[in-house]
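Report on the following structure.
Any read-out appearing in this document is the output of simple, stated calculations on the displayed coordinates, not a laboratory observation. Keep in mind the model is a prediction, meaning the values are calculated, not measured. Note that we place each Cβ from the backbone using ideal geometry, even for glycine, and neighbour counts take in every protein chain shown.
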Amino acid sequence: MDVPIHVIRYFCVLAEELHFGRAAERLSITPPSLSQQISRLEQQLDVKLFDRSPRKVELTAYGRDLLPLARRVQDDHDQLLSWGRSVRRDRDAPVLRVGVVAAGAGTLTTAAIAATMQAIPQARIEMRRLGFFDVADELEGGRVDVVFAPWPMVMPPRVRAEPLWREARVLVVRADHPFAGLEAISILETADEMFLSVANGPTEVVNWWLVDPRPDGSRPKRGPTADSVEGLLELVAAGAGVNIAGQSASQHYRRDELAFIPITDIEPATIVLCSLSDSPNPMVASFRETAQSLSPLVQATFH
């Protein structure tokens, strides 16, 4: 026995209205057609579902038994169709995979994503947090489309990096460190400190973040390493040493055990938006334009 879903729906509507004219109007069919479909259903089931008279229509005992089952079938069918629509919508919707290294471009990251979602409401944004030196591999591997990351970094020719945000660098120390109460500090005042650094990074990038060599020609003492900003801050909190980070770290990674002190005499950090110059994703160009329109920096491409 095969009962079409539209007949189940006809039965449910008639059971609610108990009037062929009103039910037919809701279903956008004629009353005779509705009557014919219900009669055919009764013949299939070999039971009477409605008592009909010129004055009223009523459910029979069989009709009352069938109604919750029919509603369940109707609801399940509606859910199936809804699921199918959502799958099709997700499959067809444009997708932008955004990678973020450390704190990214701070509030600019959030603003660029929000503006993109407003401009392209059907777009699906997927966020991924990346390690310091994962940017090129993740982009070329197609796992992300754009990445907010701190500069400098070593990039292959396919990757373009555009400056969006510039921020001072800060010294990160334990909250009970003698420097913790200072409003600012010179890099030369940190000569006796043990500096934590990123593991396995290009020498020139690690040296830039450690300010090695210092303006007076001295070299910082190097201590333990970590492969993420969270790991570095955990080491600082444990008393293993101090670290240099972008100022946005003081907001995004605020902890009671840490203090962040502006360093007055070193070059600020620049946050760039990285993407493949030949990206096949059409959303990349749109996102780049949006981020650039929100950026306070004069636009130029880093190579």
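Report the far tail of the P(r) of the range 165-205, meaning the percent of Cα-Cα pairs longer than 15 Å. All intermediate terms of the calculation are to be shown ahead of the outcome.
Numbers: 457 of 820 pairs.
For the range 165-205, the share of Cα pairs beyond 15 Å comes to 56 percent.
Within the P(r) computed for the range 1-47, what percentage of the Cα pairs occupies the region above 17 Å?
23 percent
Between the residues Gly141, Val236, Pro280, the greatest Cα displacement towards the positive end of the dipole of the chain, with unit charges on the Cβ of Lys, Arg, Asp and Glu, is found for Pro280.
Taken about its Cα centre, the range 184-303 carries a charge dipole of about 120 debye when Lys and Arg each add +1 at the Cβ and Asp and Glu each add -1 at the Cβ. Of the peptides 102-108, 178-184, 259-265, 188-194, the order by per-residue mean of other Cβ atoms within 10 Å, starting with the highest, comes out as 102-108, 259-265, 188-194, 178-184.
Please compute one quarter of the surface area of the Cα convex hull for the range 73-144 and express it in square nanometres.
Result: a mean projected hull area of 6.5 nm².
The order of Asp2, Asp51, going from fewest to most other C-beta atoms within 10 Å of their C-beta, is Asp2, Asp51. Considering the range 187-303 at the alpha-carbon level, its Rg and Dmax are found to be 17.1, 51 Å.
Would you mind ranking Cys12, Cys274 so that the residue whose beta carbon has the fewest other beta carbons within 10 Å leads the list? Please list the in-between numbers first.
Details: Cys12 18, Cys274 24.
Ascending Cβ contact count within 10 Å gives the list Cys12, Cys274.
If you wrap the Cα atoms of the chain in a convex hull and average its projected area over all directions, you get 24.8 nm². Ellipticity at 222 nm from helices only: DSSP H runs of n ≥ 4 in the chain, each -39500 (n - 2.57), divided by the residue count, give -12500 deg cm²/dmol. Just so you know, the Cα atoms of the range 62-217 work out to an Rg and Dmax of 25.5, 95 Å. May I ask which residue of Ala115, Pro152, Asn200 lies farthest towards the positive end of the charge dipole of the range 86-207, with charges of +1 (Lys, Arg) and -1 (Asp, Glu) on Cβ and the Cα centre as origin? Farthest towards the positive end: Ala115.
Shape index of the range 7-124: Rg/Rh, with Rg the Cα radius of gyration and Rh the Kirkwood radius from the inverse mean 1/r over Cα pairs, equals 1.34.
Assuming charge only on the beta carbon of Lys and Arg (+1) and of Asp and Glu (-1), the dipole of the chain about its Cα centre is about 1300 debye to the nearest 20. Taking the DSSP bridge list for the chain and keeping only pairs wholly inside it, about 65 percent are antiparallel. When Rg and the Kirkwood Rh are both derived from Cα coordinates, the Rg/Rh ratio for the range 230-292 amounts to 1.15.
Kirkwood hydrodynamic radius of the range 105-145 from all distinct Cα pairs, in Å? Show your work: numbers first, answer last.
Numbers: mean 1/r = 0.0856 Å⁻¹.
The answer is 11.7 Å.
When you restrict to C-alpha pairs under 8 Å that are six or more residues apart and normalise by the size of the range 39-123, the relative contact order lands at 16 percent.
Each listed q (0.13, 0.24 Å⁻¹) maps to a log10 I(q)/I(0) for the range 139-226, found by the Debye formula over equal Cα scatterers with no solvent: -0.59, -1.36. Ordering Leu80, Cys12, Pro68 by Cα displacement along the dipole of the range 1-115 toward the positive end leaves Leu80 in first place; charges were set at the Cβ atoms of Lys, Arg (+1) and Asp, Glu (-1).
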